[in-house]
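**Student:** I am attaching a structure below and will ask some questions about it afterwards.
The values are calculated or read from the model by the stated rules, or taken from the named source; none is laboratory data. Every value quoted in this text rests on a predicted model; they were computed, and no experiment measured them. Glycine also receives a Cβ, built like all others from the backbone with ideal geometry; neighbour counts cover every protein chain displayed. Calculation scope for accessible area: heavy atoms of the full protein, side chains included, ligands and nucleic acids excluded. Shrake-Rupley method; radii C 1.70, N 1.55, O 1.52, S 1.80 Å.
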Amino acid sequence: MMVALDGSARRPMQEADERDWNELEARYREECAALLGDARRHLEQRVAGEQAKIENALAGFSRDFDAWLARERRGEASPKPNLSTLFEIWLERAPRSSDAAAERAKRRAAEAEAEALRDRLGAETARAEELERRLREAEAAVPPPAPRRGRTPGVVAVLLAAALGAMLAAAAFAPRLADSRRTADAPTQQAAETPTPPAAEEARAEAPAEAPTPPAPSPAPAAAPEPERTAAFRLAFDNRDIAGAQIAALRNVDQPGCLAACRRRADCRAYVFDKWNHACRLKADAIAFTLNPRATSGLRDDSPLPRAPAGPIAMERYPSRAFPGEGYRIDASEGPQACEALCRDDAVCVAFTFRLDEGVCHLFATTGEYFPNALADSGGKRQN
């Protein structure tokens, strides 16, 4: 009876455990199927993203190849686009997101440091120009001091000129003085040869001696020339070209050299420096600003500020070119057209670079000199 009771009690317990296990197993299988579904969707999205990048790269290569053919047709020598490098990058690239993030952080830090240095340079330039302006005002308000020995090269030059004038005057007066002495001594010699009565000798002895003839006064020293005053310029206007009459064009110069060339000309009112081609244009007047990412301009302080650009925005494309740095904004993008649209809609952006190997868009508020890169497309804004 006890055995029967034990067996009858064990069977319902085994059936309950088996039923619970079946429910648990079904739940586990459902969770596994959900995980596999999520993994498949994620893989499909990743494959679609890689496929979009490859298609964008192929489309960019096709545009570069057409542009190369057009240049060859015009007789312009240029490197032929090569697509093998792109596929080598895709085949050899391994997922190293941490290294890429660290590299991007380093680039951003370097860009921030460069921006801080540019701001500091601009502040120091403004301070130097302010000190120069105050110095000119002080020189104009204070009369020139009396010349003092050994003070400045200009005073030394004045003293040397005065001494030279005195020497020339003495040399010119010497023959006249000798002739007058010979004329005065001739009667004396004749009188010495002719006997003189004693009364005449006593009268001549008592007569006072004649005063010597004073030398001719030396010419007044010439006034020292006033130092040349250079015009003061406003701080540089980045991303701004200037519409106005051009009076000169220079090549292979830097921005300080362009500013110095404008300072040396009295008819130069403004300058425009092309930082991509190291060219300088000097302007006789400044009518209006135009938006140009390759230009940095300067304006004389006594010139009115030109009117700001207000025309429609046009986008220029620079295929197979890239701008240095990371820019102020980095976004994932489907291609160069989408990257161009991001820059057009962003008021801060003046230029962009889309990197085909990364599928990302870099937006720039200011640019350095672009460089050839087969895995990138760039562009910039223009506005009159």
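**Student:** Quick one: how many residues across the stretch 264-284 are over 14 Å from the mean Cα position of the chain (by Cα) and open to solvent by 60 Å² or more (accessible area, probe 1.4 Å)?
**Tutor:** 6
**Student:** If a residue must be touching a Leu at 6+ places or on another chain (Cβ under 8 Å), among the aliphatic types (A, V, I, L, M) and assigned to a loop (DSSP other than H, G, I, E, B), how many such residues does the stretch 320-363 contain?
**Tutor:** 3
**Student:** Another one. When only residues in the stretch 227-251 that are touching a helix residue (DSSP H, G or I) at 6+ places or on another chain (Cβ under 9 Å) and modelled with pLDDT under 55 count, which is least open to solvent (accessible area, probe 1.4 Å)?
**Tutor:** Taking the candidates together, the pick is 227.
**Student:** What do you reckon, is residue 215 modelled with pLDDT under 90, assigned to a loop (DSSP other than H, G, I, E, B) and open to solvent by 80 Å² or more (accessible area, probe 1.4 Å)?
**Tutor:** So residue 215 fits the description; yes.
**Student:** The conditions are (1) of a type in the set (D, E, K, R); (2) in a loop (DSSP other than H, G, I, E, B); (3) within 30 Å of residue 133 (Cα to Cα), and residue 281 fails exactly one of them. Which is it?
**Tutor:** Here residue 281 meets the rest and fails (2).
**Student:** Would you mind finding the one in 308, 295 that is without any contact (Cβ under 8 Å) to a residue 60 or more places away in the chain, surrounded by 14 or more Cβ atoms within 10 Å (Cβ to Cβ) and small (Gly, Ala, Ser)? Even if it seems obvious, please write down each step before you answer.
**Tutor:** Working: 308 fails: surrounded by 14 or more Cβ atoms within 10 Å (Cβ to Cβ).
Of 308, 295, the one residue that is without any contact (Cβ under 8 Å) to a residue 60 or more places away in the chain, surrounded by 14 or more Cβ atoms within 10 Å (Cβ to Cβ) and small (Gly, Ala, Ser) is 295.
**Student:** Within the stretch 330-384, track down each residue that is surrounded by fewer than 16 Cβ atoms within 10 Å (Cβ to Cβ) and aromatic (Phe, Trp, Tyr).
**Tutor:** Residue satisfying the conditions is 371 alone.
Yes or no, residue by residue, for (1) modelled with pLDDT of 90 or more; (2) of a type outside the set (D, E, K, R):
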position: 267; (1), (2): yes, no
position: 274; (1), (2): yes, no
position: 292; (1), (2): yes, yes
position: 318; (1), (2): yes, yes
position: 326; (1), (2): no, no
position: 339; (1), (2): yes, yes
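**Student:** For residue 257, are the conditions met, namely being of a type in the set (Gly, Ala, Ser), surrounded by fewer than 16 Cβ atoms within 10 Å (Cβ to Cβ) and in contact with a Leu (Cβ under 8 Å, 6 or more places away or on another chain)?
**Tutor:** So residue 257 passes the test.
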